[in-house]
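Okay, so here's the structure we're looking at.
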Amino acid sequence: MTIRTIATEPFDDQKPGTSGLRKKVKVFQRPHYLENFVQSIFNALEGFGGKTLVVGGDGRYLNREAVQTILKMAAAAGFGRALVGQGGILSTPAASCVIRKHQAFGGIILSASHNPGGPDEDFGIKYNAANGGPAPEKLTEAMFAISRSLKEYRILEADDVDIDSLGGGMLGGMRVEIIDPVDDYAALMETLFDFGRIRDALTSGALSVRFDAMHAVTGPYAREILENRLGAPAGTVMNGTPLPDFGGGHPDPNLVHAHDLVEIMRGPNAPTFGGASDGDGDRNMVMGRDFFVTPSDSLAVLAANATLTPGYADGLAGIARSMPTSGAADRVAAALGIDCYETPTGWKFFGNLLDAGRATLCGEESFGTGSAHVREKDGLWAVLMWMNILAVRQETVADIVTEHWRKYGRNYYSRHDYEAVDADAANGLMDHLRELAPGLAGRVFGDYTIETVDDFSYTDPVDGSVATKQGIRVLFTDGSRVVFRLSGTGTQGATLRVYLERYEQDPAAQGQETQAALGQLIAIAGDLAEIKARTGRDAPDVIT
Ligand code: G16
């Protein structure tokens, strides 16, 4: 088998976003596009000769072909071993688990997360480092810089690897092992949660569950863990077969896109608990009967109840949340006497805190929750942690959350997304806010007075690295906030995210409908940012 060096031209748009490089499939299908980026990843790394690379993805369109290309390029680059999920499948949290467990040098994960899949939809690729976590910004910037001047890539001339049969073989000088994508991950979950207790609650009927895998990667994981190991009835996992186009759906577990589950969770005969996960299995949505738990509240409730589960029985070292995530977890941290960290959006910012043992639980408003067990957010983990807590407390989700609000106060919270907005208009809107910022302190809008306006920046307490311009925060004197950010994960135009939060301590005022409770803040956000005039939109595309 020979290694071929292929001449190529650099692309100027291979800048990784919030989580890797995400583009339309058609872009990735352009000659050399994928190969250039893979070579840029390898060129940015040092010292991997003879070491192990983990490869897998969420099964979306192009996944299988990309795995073959990556394996041949990894062999050409000098990796010693590749661990590949059978069928090219590995959920993002499972890939993180496999990297850590097998002490791999790193891993390449193929996914555009919650974005739709199919020939006309999205594909993505990201690199995770030896700790199992997303490449830090320094590394993704190095990859981008290399991609802009890349002149050649190297690939082994070889037949495709049989990625569907478990077992091993050689690809040039690299050993390829096809592993069960679920085994290592399921074993890890058994160490964290009380499977016996959850099983008892499921069989006694105290707990009944529906899990929507949204035709995405979590299906096989959820079937094995929920149905086979925990004894939930067959059919508990719906939409459980991963499909290259996710069945034509949008594999984003929120009230809009996980509508099948939302319907099932309505009414007196609904299951007591519902969960859903996204394209690559790192996001989660959790619901009770007739009750939606916001991701920010979910983080806070999990933190407050963590010691009820075996994996966290000794307590938490600290909690970390992304800046736009509500402050609900901060109140739990304060009550527990532990630190709470506020980081920019992007799971990669939690890596150092987790590695340094400063944080145990992390969460983001974007339906991401996780812990130090891996270095990615983990959808099924969050569902299992909830199930463990429900099995112990034997109360409804609604009762647990409302009791939590009575104790800590309620952070009314919502995110409004304006998708595929003209990029110039979106940048203009952000510039306009930056210009306004210095003159806003002290201004009164209805019941609200602005305290400060800033552009969030973060200094990592572990390595001192600084991230600037991470979102414009309008902070009000009563602790309410409006945050404006442009998404780093979209593939079309720009997505404006407006995050709204209001704190309510009075239990008598905690039962309002969320959008109504945030009504004044929504209007203030629209006025300040001139959303309608600048984007041409009357209303957000998605409200979560
Ligand atoms: C990714 C990141 C998350 C981030 C989310 C939304 O999630 O891993 O940390 O919160 O995108 O980012 P943005 O607001 O920039 O679109 P995922 O599930 O897409 O990998």
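Just so you know, all these numbers are worked out from the coordinates, no wet-lab data involved. Owing to the predicted nature of the structure, the values given are computational and were not obtained by experimental measurement. Here Cβ is always computed from backbone atoms with ideal geometry, including for glycine, and neighbour counts include all displayed protein chains.
Brief remarks follow.
- Tail weight of P(r) past 25 Å, computed on alpha-carbon pairs of the range 353-486, percent: 49
- When only alpha carbons are used to place a centre, the range 123-190 and the range 401-453 end up 39 Å from one another.
- Put simply, the range 225-275 fits an ellipsoid with semi-axes of 20, 17, 8 Å; these come from the alpha carbon gyration tensor as the roots of five times its eigenvalues, largest first.
- Full-extension gain in nm, Asp183 to Ala7, via 0.36 nm per residue minus C-alpha separation: 59.3 nm
- Rg over Rh [alpha-carbon atoms, Kirkwood Rh] for the range 324-374: 0.92
- Two-decimal ratio, the range 181-234, of alpha-carbon radius of gyration to 2.2 N^0.38 Å: 1.11
- Taking N as its residue count, the alpha carbon Rg of the range 185-408 over 2.2 N^0.38 Å: 0.93
- Computed over the range 55-155, the ratio Rg/Rh where both radii use C-alpha atoms and Rh is Kirkwood: 0.95
- Calculated on alpha-carbon atoms, Rg and Dmax of the range 274-361 in Å: 13.2, 39
- From the Kirkwood radius over Cα pairs of the chain, Stokes-Einstein at 37 °C and 0.692 mPa s returns a whole-number translational diffusion coefficient of 138 µm²/s.
- For the range 410-543, radius of gyration divided by Kirkwood radius, i.e. Rg to Rh on alpha-carbons: 0.98
- Arranged from fewest to most other beta-carbon atoms within 10 Å of their beta carbon, Phe79, Phe476 become Phe476, Phe79.
- Spatial separation of Cα centroids for the range 228-271 and the range 461-495, in angstrom: 31
- When the Cα convex hull of the range 2-181 is projected onto planes of every orientation, the mean area is 8.9 nm².
- P(r) weight above 18 Å for the range 118-195, C-alpha pairs, percent: 71
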